[in-house]
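Working notes for the structure below.
The numbers here are math on the coordinates, done by the rules we state, and not lab data. These figures come from a predicted structure and were not determined experimentally. In this analysis, Cβ positions are derived from the backbone assuming ideal geometry, glycine residues included, and neighbour counts consider all displayed protein chains.
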Amino acid sequence: MSSQPILLRPAQETDAWVLSAIHIAAIKALPTTFYNRQELLAWRNYRNHPDGASILKHLKLPTIWVAIAQENITGFASYIADELIALYVHPHYQSQGIGRTLVEHFFHSAKQQGVDRVFTTASLYAEGFYLRLGFTPINTVPHHLGKGLIVPVIEMTKELK
């Protein structure tokens, strides 16, 4: 855990390039343990270089929160009401509590809206992370990537108290 404070704020359109860079870097850092290289390439939308316009096509700006640590955007989460849609932390900043902080912010926001149960769909890599945060698996389901690739992911839920 980092001793530096983690600040959260709503994403701005000017953050799009950095969000895309984080998305690509996080997926590039994954080993081929659960998904092969072609599947990981598809997961990052066949991009090797950031493209802010592309990420804003997949995620709506009003649903994105960014984490700032050490004066850098280090990760982001996208969510609506009861569903965590996306969570990515740059590999250089992982294991510093950034992902946990973003997810806890999602929990808090959901509770403020009267939600008592939240959901996410996790990659096989992220299942352990979500289990540590109190999520329970519901079902393994197919996730459709580009060019017809389909990979398994895990639907998960957590009751908020």
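Calculate one ³J(HN,Hα) per residue across the stretch 86-92 by plugging θ = phi - 60° into the Karplus curve 6.51 cos²θ - 1.76 cosθ + 1.60, and present them in order as whole Hz with x for glycine and proline.
Once rounded to whole Hz, the list reads 8, 8, 9, 10, 4, x, 5.
Taking a ≥ b ≥ c as the square roots of the Cα gyration tensor eigenvalues, with a/c under 1.5 meaning rounded and otherwise prolate when a/b beats b/c, else oblate, which class fits the stretch 12-68?
Details: a/c = 2.30, a/b = 1.97, b/c = 1.17.
Prolate shape, in that a/c is at least 1.5 and a/b is the bigger ratio.
Whole number please: convex hull volume per residue of the Cα set in the stretch 44-97, in Å³? Walk me through the numbers on the way to the answer.
On the way: hull volume 5.9 nm³, N = 54.
Convex hull volume per residue, Cα atoms: 109 Å³.
Need the list of lysines near K57 for cross-linking: C-alpha distance under 27 angstrom, and skip anything on the same chain fewer than eight residues off.
K28, K147
May I ask you to list the GluC sites (Glu not before Pro) in the stretch 25-119 that are in a DSSP loop and have at most 11 other Cβ atoms within 10 Å of their Cβ? Could you put the intermediate results ahead of the total?
Working: sites: E39, E71, E83, E104; in loops: E71.
Passing sites in the stretch 25-119 are E71.
State, to one decimal in nm, how far the label point of E155 lies from the label point of A29, with both points 7 Å from Cα in the Cβ direction.
Using points 7 Å along Cα→Cβ, the separation is 3.0 nm.
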